[in-house]
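Derivation of every value follows stated rules applied to the coordinates shown; laboratory data play no part. The model shown is predicted, which means the values in this text are computed figures rather than measured ones. Don't worry about glycine lacking a Cβ; one is built from the backbone with ideal geometry, like all the others, and counts go over all protein chains shown.
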Amino acid sequence: MEDVRIDKWLWAMRIYKTRSEAADACKHGKVIINSVECKPSRTVKKGEIVTVRKMPVVYTYRVIDITENRQPAKNVEQYAENLTPQEEMSKLDAKNVTIFVHRDKGSGRPTKKERRALDNLMNEITE
C-alpha cells in the first residue's frame, strides 16, 4: 500500500476515535502535513510530518509506515513516531491543577464582588 487518505490514517493510528472526527479536524484546519493544512482526501506518505491540534496540545507525528486498517494501540508505534515535545505533553497535566479558594462552610454563594475577584484570579493563571 503506497498511499492512504489522511482521515483514514488518523483514525487507524487512534489519534481520533472516528473517521468522521478526523475528517472534520482536517476540514477545520487542525491537521497539517509538512507545514501545509490539508483536506481529508489528502494522501499521506512515508516520512511526512503530521501535526494535529487537539486542544490544549499540538501533537506531532512522523509517518513510519502506511495502513488504512485500525491498529491495536500497541502496534501504533510501528506506523507512527510521536515527536510531540515534552512541554506540549505537560499541558495535559495542567487540567489536574486546580485552584481552591477557601470559603467557610455555610457562607453561601459568592457576592458579585467576590465572583469578579475569583474570575480575575482564574484569568491570570490561564494566561
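Quick notes on this one:
- Any pair with Cβ under 9 angstrom, 6 or more apart, that starts in region 13-28 at a residue that is more than 16 Å from Y59 (Cβ to Cβ) and ends at one that is of a type in the set (A, V, I, L, M, F, W, C) and in a loop (DSSP other than H, G, I, E, B): none
- Number of residues in region 78-93 that are part of a helix (DSSP H, G or I) and surrounded by 12 or more Cβ atoms within 10 Å (Cβ to Cβ) equals 3.
- Candidate set from region 1-45 (those that are β-branched (V, I, T) and in a strand (DSSP E or B)); member that is nearest to the chain's Cα centre (by Cα): V31
- Condition check for I66: touching a residue at least 12 places away in the same chain (Cβ under 8 Å) and not in a loop (DSSP other than H, G, I, E, B): no
- When each of V36, V52 is tested for being touching a residue at least 24 places away in the same chain (Cβ under 8 Å) and farther than 15 Å from V4 by Cα, the lone residue that passes is V52.
- Being under 19 Å from M89 (Cα atoms), of a type outside the set (K, R), surrounded by 15 or more Cβ atoms within 10 Å (Cβ to Cβ) and touching a helix residue (DSSP H, G or I) at 6+ places or on another chain (Cβ under 6 Å) holds for only one residue in V44, V52, V31, and it is V31.
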